[in-house]
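A short write-up of the structure that comes next.
The values are calculated or read from the model by the stated rules, or taken from the named source; none is laboratory data. Given the structure is predicted, the values throughout are model-derived calculations rather than measurements. As a convention, Cβ positions derive from the backbone with ideal geometry for all residues, glycine included, and neighbour counts pool all protein chains shown. Accessible surface is based on the protein model in full, side chains and every heavy atom, while ligands, DNA and RNA are left aside. Shrake-Rupley method; radii C 1.70, N 1.55, O 1.52, S 1.80 Å.
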Amino acid sequence: MMNPVYEVFERRFWDGKYCLWMRWMLVLAVSLVALFVPNFADFLSLVGSSTCCVLGFVLPALFHYLAFKDEMNWRRASADVGIIALGVFLGVTGTWYSLLEIFSVKIPLLLQEIRGLIGTSQSPLPHGPRSLLPDQHLPHLVRKLGPLPAAPHQRLPPLHLHLQPPRRPLPSVSEWWKTVSLYTDQTGANISRSILIAGEYSDRLYSHGSHLTRLSIQQVIATAVKSKPFPVDHKNGIYLVLTATDVSVQDFCRAVCGFHYFTFASMVGYTLPYAWVGNSGKQCPEVCAYPFAVPGYMGGGGPGALRPPNGDVGVDGMISVIGHELAELSSNPLVNAWYAGEDPTAPTEIGDLCEGLYGTGGGGGYIGEVRRDGGGRTYNLNGRRGRKFLVQWIWSPTLKACAGPNALD
């Protein structure tokens, strides 16, 4: 397929002579396009099956048969007919499966947009729910990509284990989750007061690469749920994908620090609510780990960066984003439940309404009144075994305001 391209470039730039380095550059350019252009492999599959099969099998055999049919015996004629039939079969089946691969993602997206538009006449977040939550009990299934992190002293503190109700020093993580549990579905059933870790799956070999798109994250989940004994619970389960510092994700640092959605049955086999959160420690701590890192334009003024409660800027930044996404994933698992605004494709959810607020008096870039331990580390929640966390507030459906257990009023 590349030979005609080589000849065109050589005639245009090299007087028609053979040029090895030019051919090498063309192959490199095509390889880079294949690596970085989304879904380029699907496009190549479509072109190869619909065009190359015709050019390589059907047309040569057809022209040979038409030109020499009066001179050929039945064996040669049968060979040409067989090659034509093989080319048609490969072309039709290849084109069909290529189109299925391309449109298998777009069709569910279109259906979801239509489903979301149906509910836009209902009231926004501060007044009531949109549709329903599928279940009130949401066991938490964790999926890690890569070493997150590798060093023992940087291990991700298990925030999820601190959501259980037993008594701990106030303000506690379980008290923070009480606000989330105030939300109900249309039957009046509340979100569960606790989250259980039902299983974990680690992909230290980066089987899906170190650059992920929103869709390839679903492929990551598909790999996890197909592995045994990793559990699948499409009714009560929520799935959390955590990525390491050296994994880049579509829109990470530029537009999002985490997000939640649901998987497409065509890709995963189930409709599973999931969230993704990345470690921004080496990529954009000033964006996704604020206030433990601050943007350069704030260096000359403002309070400056705060000390993270667990000693790792990237990991402590992840913890607040995990809390944000877990709250929204539990109250809006299929993007048709609790949110504000009239656009379900870009909802403002219970974490978005309180972005950047961690204590009383927060707002306008000020995080609010928070606590500091003896080492100067900043926190607003207590966990088990002396663990401390700094997690943003969330919108309370009863107070009609942002709330957290460390509030002073």
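What about residue 332, is it within 26 Å of residue 246 (Cα to Cα) and polar (S, T, N, Q)?
no
Checking residue 259 against (1) open to solvent by less than 50 Å² (accessible area, probe 1.4 Å); (2) in a loop (DSSP other than H, G, I, E, B); (3) touching a residue at least 60 places away in the same chain (Cβ under 8 Å), which test does it fail?
So residue 259 meets the others, but not (2).
Check off (1) modelled with pLDDT of 80 or more; (2) β-branched (Val, Ile, Thr); (3) exposed (fewer than 11 other Cβ atoms within 10 Å of the Cβ) for residue 58 and give me the number that stays unchecked.
With (1) modelled with pLDDT of 80 or more; (2) β-branched (Val, Ile, Thr); (3) exposed (fewer than 11 other Cβ atoms within 10 Å of the Cβ) applied to residue 58, the lone miss is (3).
Sort through 399, 408 and tell me the only one that's open to solvent by 40 Å² or more (accessible area, probe 1.4 Å), assigned to a loop (DSSP other than H, G, I, E, B) and either basic (Lys, Arg) or closer than 30 Å to residue 336 by Cα (or both). Steps first, answer last, please.
On the way: 408 fails: either basic (Lys, Arg) or closer than 30 Å to residue 336 by Cα (or both).
Only one candidate passes the filter, namely 399.
Within the range 184-202, track down each residue that is more than 13 Å from residue 326 (Cα to Cα), in contact (Cβ under 8 Å) with a residue 24 or more places away in the chain and outside any strand (DSSP E or B).
185, 186, 187, 189, listed by residue number.
Quick one: in the range 18-38, of everything that is open to solvent by 70 Å² or more (accessible area, probe 1.4 Å) and in a loop (DSSP other than H, G, I, E, B), which residue is modelled with the highest pLDDT?
Out of the qualifying residues, it is 18.
Select from the range 192-230 the residues that are surrounded by fewer than 17 Cβ atoms within 10 Å (Cβ to Cβ), among the β-branched types (Val, Ile, Thr) and modelled with pLDDT of 90 or more and list them in ascending order.
213 - this is the single residue of the range 192-230 that is surrounded by fewer than 17 Cβ atoms within 10 Å (Cβ to Cβ), among the β-branched types (Val, Ile, Thr) and modelled with pLDDT of 90 or more.
Please identify the pairs in which a residue from the range 297-317 that is assigned to a loop (DSSP other than H, G, I, E, B) and at pLDDT 70 or above has its Cβ atom under 7 Å from the Cβ atom of a residue that is of a type in the set (Lys, Arg) and open to solvent by 40 Å² or more (accessible area, probe 1.4 Å), counting only partners at least 6 apart or on another chain.
Listed pairs, sorted by first residue: 308/377; 309/377; 309/388.
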